[in-house]
Amino acid sequence: MKRLLPLTLSVLLASCNNGSGEIEGLKSFTHEGGDHQEGRVAYTQRPPAGGAHNPSWQNCGVYDQPIYDEYAVHSLEHGAVWITYQRNLPAEQIAALKQLVDGRASTLLSPHDSQGAPVVITAWNKQLEVQEAADTRLKQFLQKYEQGVEAPERGASCSGAYNGTA
């Protein structure tokens, strides 16, 4: 005998799935990997979601100061996810972001001075802007794109390189 889900559960599941599996508000870009260059890079997205980058990557981890875009982009190329926030984000929201990345090997967390939204989560060629750290799409993004298939060098190291701040 076939069991049917209650109507409320069916509607809830459909609304969570959005029909396509895509995360609402997700932006996609097209950047090729492997473009290493020294010095500063002028990026179109703030924070950047790919493109030319420093030959060294940023060590994954939590930073209380901004990090250089050029090193972070190299980490994105390796499959990392970078969560950035405006410096005026309330302390309890920053604590929630730290908890979100706790125990994950391929994430960066740092303030970013030139982004428009309070919180931005970025992977290679993917980005999502949200208004607060409690937004459930952050966890969805992290689960989907950390070591995601679009990262040109996914699985490459996220440690043993640069750990300075801007």
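Derivation of every value follows stated rules applied to the coordinates shown; laboratory data play no part. On a predicted model such as this, the values are computed, not experimentally measured, just so you know. Please note: Cβ atoms are built from the backbone with ideal geometry, for glycine as well, and neighbour counts cover all protein chains shown.
Rounded to the nearest whole Hz, the Karplus-based 3J(HN,Hα) values (6.51 cos²θ - 1.76 cosθ + 1.60, θ = phi - 60°) of the stretch 143-151 follow the sequence 5, 7, 10, 5, 6, x, 5, 7, 5, with x at glycine and proline.
For the chain, the Cβ-based charge dipole about the Cα centre amounts to some 640 debye (Lys, Arg positive; Asp, Glu negative; other atoms uncharged).
With both residues required to sit in the stretch 23-145, DSSP beta bridges show an antiparallel share near 60%.
Extending 7 Å from the Cα toward the beta-carbon at both Lys144 and Ala91 defines two label points whose distance is 3.4 nm.
Computed 3J(HN,Hα) for the stretch 152-157, one whole-Hz value per residue from the Karplus formula 6.51 cos²θ - 1.76 cosθ + 1.60 where θ = phi - 60°, is x, 10, 4, x, 5, 4, glycine and proline marked x.
Against the set (1) 1.61; (2) 1.01; (3) 1.10, the structure's computed Cα Rg over 2.2 N^0.38 Å falls on (3). Charged neighbours of Ala151, selected by a Cβ distance under 10 Å, balance to -2 (K, R count +1; D, E count -1).
Each label point was placed 7 Å from the Cα along the Cα-to-Cβ direction; for Lys27 and Ala156 their separation is 2.4 nm.
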